[in-house]
Amino acid sequence: MSAITLTDLNQCKARGEKIAVLTSYDASFTTRIEQAGAEVILVGDSLGMVVQGHESTLPVTMDDMVYHCRNVARARARAFLIADMPFMSYASPRQALDNAGRLMQEGFAHMVKLEGGRVQIETVRRLAEHAIPVCAHLGLTPQSVHQLGGFRVQGRGSAAARAILDDAVALQCAGAQMLVLECVPGGLGKAVSERLDIPVIGIGAGPDCDGQVLVVYDLLGLSIGPTPRFVRNFLAAGGSVQQALDDYVAAVKSGDFPSAEESYP
Ligand code: KIV
């Protein structure tokens, strides 16, 4: 089977076919995730918490991201590969260009992901002008955890929901080619997905996004600390790691995941 491209992912959205995304940080998980048939692998800066044991994603460095991205890229065969830009690696368009270039040239990423709304417009535009595909990230943006006052649901109430919807449109206009929407009410996930032309990948954003992403350790029940409402443990009933990954991809594709109970009202 040929490698997945952004064109394939846009076609999935156009056909109403859900996109299955998982995080990975190493070669072994990447091989299993590929086998399960996920279309996209995200080398998330969540590695700062689930691999390195930090309390947030803030301590993750560019060198960490390049290292893990290379590990994943060696085992990647077909999936589209996205790498997170870590905290303070895109504080200006110039810095973002240098660091995104590293993720693509040294980490072999196909797209970079960065957090934030309107403040990132200039940066997104600059990256897009230099042929660097960008995935935006709105809602709960973990790199702003201290500013947000914790890991909590965003976009509640009409003004906050409107601000996220407007930011999403502005980022798409600036050249973003994908959006991750985290921890928002399901109705907002649906509204943003319907409004945008680019694929919207939800995590705790309800069942109506164009695709879903989970941190791979979470779906295997390996999470440290409290489990968010949107996480399903696909290994809880027993079976193998491969079966759990297969079941996750099948549940995303069929629309069985996330359920109403795994979404925010
Ligand atoms: O860092 C990460 O793994 C992420 C996902 C949770 C979307 O950004």
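Please state which of the following conditions Ala163 fails to meet, knowing it meets all the rest: (1) open to solvent by 20 Å² or more (accessible area, probe 1.4 Å); (2) of a type in the set (A, V, I, L, M); (3) under 28 Å from Gly53 (Cα atoms).
(3)
Would you please name the residue that is most open to solvent (accessible area, probe 1.4 Å), looking only at residues in the range 13-36 that are in a loop (DSSP other than H, G, I, E, B) and within 26 Å of Asp64 (Cβ to Cβ)? Step through it out loud before you land on a result.
Filtering the range 13-36 down to residues in a loop (DSSP other than H, G, I, E, B) leaves 16-18, 24-26.
So of that shortlist, the ones also within 26 Å of Asp64 (Cβ to Cβ) come out as 24-26.
On the way: Ser24: 0, Tyr25: 7, Asp26: 49 Å².
Across the range 13-36, the extreme among qualifying residues is Asp26.
Please go through the range 121-132 and give me each residue that is part of a helix (DSSP H, G or I) and either more than 15 Å from Cys173 (Cβ to Cβ) or open to solvent by 20 Å² or more (accessible area, probe 1.4 Å) (or both), ordered by number. Step through it out loud before you land on a result.
Start the filter on the range 121-132 by keeping residues that are part of a helix (DSSP H, G or I), which leaves 121-129.
Those that are part of a helix (DSSP H, G or I) and either more than 15 Å from Cys173 (Cβ to Cβ) or open to solvent by 20 Å² or more (accessible area, probe 1.4 Å) (or both): Ile121, Glu122, Arg125, Arg126, Ala128, Glu129.
Any idea which of (1) more than 16 Å from the ligand (Cβ to nearest atom); (2) more than 19 Å from Ile201 (Cβ to Cβ) is the one Ile4 doesn't satisfy?
(2)
The values are calculated or read from the model by the stated rules, or taken from the named source; none is laboratory data. Only a predicted model underlies this, so the values are computations on that prediction, with no experimental measurement involved. Backbone-built Cβ (ideal geometry, glycine too); neighbour counts: all protein chains shown. For accessibility, only protein heavy atoms count, side chains too; no ligands or nucleic acids. Shrake-Rupley method; radii C 1.70, N 1.55, O 1.52, S 1.80 Å.
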